[in-house]
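Student: Got a structure for you, questions after.
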Amino acid sequence: MSIVKVTNASVVYNKGSENQVNALLNATLEIEPKEYIIIFGPSGCGKSTLLNVIAGLERPTDGEVSVNEENLGEMNDDQLAKFHCTEIGMVFQAYNLITSLSVRDNVILPQMFLGISDKKTRRGKADKLLDRFGILPQANKIPTQLSGGQQQRIGIARALINDQPIILADEPIGNLDSKSAANVLEILKDLNEKEEKTIIMVTHNPEYLDYAHRVFYMKDGRIEHEVVNKKKKQRKVEKKNISSSRNNEFDILLKSFPGLSEAQLHLLMIPFKAKVLSEYLLTPLDIDRIQRMEGFIKDRLSGKLVKYEFRMMLDKSFEKGGVGLDERTAAHYSAETEKIMESARLLRRDFKGTAEKFNLEEFELKVKLITRYLTLSFAKNIDERQKARIEQLVGMRLKSKIGKEIFMKAIDAPFKEGGAGLDKRAVQKIARDLEVILLVNFGLEEKK
Ligand code: ADP
Ligand code: MG
């Protein structure tokens, strides 16, 4: 039984127009469980497209794709997202890590999509993987503080945390020096040989072809031919149990971190963002209300609800389909949500003209505006020097030069010691707000 079966799959962009692209043409292949496959070909030949089609991140224009004998074409978007989350681990050339989350939280994220709510379990799993890949000491740092090789190992840990049987790796060593590349290749080889993962790796570098059991050569959207690597003996094919996790209930559906644009990623991340934002607002509420709130925040983030509609849904009684908050609380939560969304959007807005008027760099102005928002309610009585310190730290955090922990420590420290000298309550509120803003900002489309 094959674990992946692609039959006459094509992906056509801009069909019928003069700039029609046949990214994938009539691709047919079958992959057995525990195989190591390489897809090889020049840039632009359709390798990533083929991988995305197998991953369920892109629906083919024509043809069929089955994974674990389930036809992806028959799944709706939710089912496809579940499938992606439980069956596929993806590793990318550009790592695709979220720079506002810690190393550990990046690895944990796919667990959140599974709705695994026990924090200890999630953390335990993540730390085990981080330890295995030698990056546990860096768990609390942010990804950009680590080397390329280390960042790719975070990416691999993230691809393993849900015990996905299939690893798809799109040019995973394309950005690495030769030593880190060798390390990543050894990890993938180990995962295949010792943990019996099915690996499909894309590369345009012929040096690595020996790692695979079979190599598919691609050109101009087509699979031209297939070469079996005799040195690497094909193992006997075994029947794989179809994952029972299909029946799991998921709180949140989110595809992993495809090689899509930031704007597309934002769409995919809306459920997760909604969860974080709604937990932030509603910790004291019961689960049914939180879930409903989450739904409305999702709709607000994706623009399906406008501001006042969102507020009304918070207010409306639970029986009538609302969240059932009292009017004051609804007004408060709605205002908080709007403020955070506005602050997040503010980071993306074009402020060049305004900045010039005030003789400031655009980024400086944004930092000032964000700082003003952050200090508005809890740190009103700070002096100019404290404000300047906070601005400096906010700027560093926005540029991902420091992580959340360091940011908190720094604004907490006494002024004499280089900190902002704020009280504990203000420190926590500011740090929490800033992290939520960073997360909501992630992937928002740039306003033109
Ligand atoms: P590879 O991964 O082998 O470099 P891709 O699968 O990314 O190639 O792309 C295959 C072809 O499809 C390329 O010519 C690319 O420019 C084109 N292509 C990819 N995505 C799109 C898209 N969204 N719209 C139009 N053309 C695309
Ligand atoms: Mg590619």
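The values are calculated or read from the model by the stated rules, or taken from the named source; none is laboratory data. In this text the structure is predicted, and so the values were computed from the model without any measurement. Every residue, glycine among them, receives a Cβ derived from its backbone with ideal geometry; neighbour counts consider all protein chains shown.
Residue by residue, here is whether (1) under 23 Å from the mean Cα position of the chain (by Cα); (2) at pLDDT below 85 holds:
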{"position": "Glu364", "(1), (2)": "no, no"}
{"position": "Val367", "(1), (2)": "no, no"}
{"position": "Ser377", "(1), (2)": "no, yes"}
{"position": "Glu384", "(1), (2)": "no, no"}
{"position": "Lys387", "(1), (2)": "no, no"}
{"position": "Ile390", "(1), (2)": "no, no"}
{"position": "Ile402", "(1), (2)": "yes, no"}
{"position": "Val427", "(1), (2)": "no, no"}
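Student: Determine which single condition Leu57 fails, assuming it passes every other condition in (1) within 18 Å of Val202 (Cα to Cα); (2) modelled with pLDDT under 95; (3) within 11 Å of ligand 1 (Cβ to nearest atom); (4) aliphatic (A, V, I, L, M).
Tutor: Only one criterion is unmet by Leu57, namely (3).
Student: Would you point out the residue of the range 338-362, among those that are without any contact (Cβ under 8 Å) to a residue 40 or more places away in the chain and within 29 Å of the chain's Cα centre (by Cα), that is nearest to Gln428 (Cα to Cα)?
Tutor: Top of the filtered list is Lys339.
Student: May I ask you to list the residues in the range 165-217 that are surrounded by 20 or more Cβ atoms within 10 Å (Cβ to Cβ) and at positive phi?
Tutor: Hit for the range 165-217 is Glu171, nothing else.
Student: Take the range 383-421 and flag every residue that is over 25 Å from Arg348 (Cβ atoms) and in contact (Cβ under 8 Å) with a residue 40 or more places away in the chain.
Tutor: Correct list: Glu405 only.
To keep it simple, each residue is scored yes or no on (1) buried (at least 22 other Cβ atoms within 10 Å of the Cβ); (2) closer than 28 Å to Gln138 by Cα.
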| position | (1), (2) |
| --- | --- |
| Glu18 | no, no |
| Asn22 | no, no |
| Gly44 | no, no |
| Val65 | yes, no |
| Glu87 | yes, yes |
| Thr99 | no, yes |
| Asp105 | no, yes |
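Student: What number goes with the only condition from (1) within 27 Å of the chain's Cα centre (by Cα); (2) under 21 Å from Glu87 (Cα atoms) that Val12 does not pass?
Tutor: Unmet condition: (2).
Student: Restricting to the range 174-204, give me the number of residues that are of a type in the set (Val, Ile, Thr) and within 15 Å of ligand 1 (Cβ to nearest atom).
Tutor: Matching residues across the range 174-204 total 3.
Student: Additional query: Give me the pairs: first residue in the range 368-382 and of a type outside the set (A, V, I, L, M), second residue surrounded by 13 or more Cβ atoms within 10 Å (Cβ to Cβ) and not in a helix (DSSP H, G or I), beta-carbon distance under 7 Å, and six or more apart or on different chains, which are they?
Tutor: Final answer for the pair search is Thr375/Ile382.
Student: Tally time: how many residues in the range 162-188 are modelled with pLDDT of 95 or more and of a type in the set (Val, Ile, Thr)?
Tutor: 2
Student: Another question, then. Residues that are under 27 Å from the mean Cα position of the chain (by Cα) and within 16 Å of ligand 2 (Cβ to nearest atom): does the range 189-200 have at least one?
Tutor: Yes: the range 189-200 contains one or more residues that are under 27 Å from the mean Cα position of the chain (by Cα) and within 16 Å of ligand 2 (Cβ to nearest atom).
Student: In this structure, does Ala335 turn out to be surrounded by fewer than 17 Cβ atoms within 10 Å (Cβ to Cβ), modelled with pLDDT of 85 or more, in a helix (DSSP H, G or I) and under 30 Å from the mean Cα position of the chain (by Cα)?
Tutor: For Ala335, the condition - surrounded by fewer than 17 Cβ atoms within 10 Å (Cβ to Cβ), modelled with pLDDT of 85 or more, in a helix (DSSP H, G or I) and under 30 Å from the mean Cα position of the chain (by Cα) - is met.
Student: Do we find that His225 is under 25 Å from Gly46 (Cβ atoms), modelled with pLDDT of 60 or more and in contact with an Asp or Glu (Cβ under 7 Å, 6 or more places away or on another chain) in this structure?
Tutor: It is false that His225 is under 25 Å from Gly46 (Cβ atoms), modelled with pLDDT of 60 or more and in contact with an Asp or Glu (Cβ under 7 Å, 6 or more places away or on another chain).
Student: So for the range 206-221 (the condition being under 18 Å from Pro33 (Cα atoms), within 24 Å of the chain's Cα centre (by Cα) and within 16 Å of ligand 2 (Cβ to nearest atom)), does at least one residue qualify?
Tutor: No, there is no match, as no residue in the range 206-221 is under 18 Å from Pro33 (Cα atoms), within 24 Å of the chain's Cα centre (by Cα) and within 16 Å of ligand 2 (Cβ to nearest atom).
Student: What do you reckon, is Thr86 more than 16 Å from ligand 1 (Cβ to nearest atom), in contact with a Ser or Thr (Cβ under 7 Å, 6 or more places away or on another chain) and β-branched (Val, Ile, Thr)?
Tutor: Yes.
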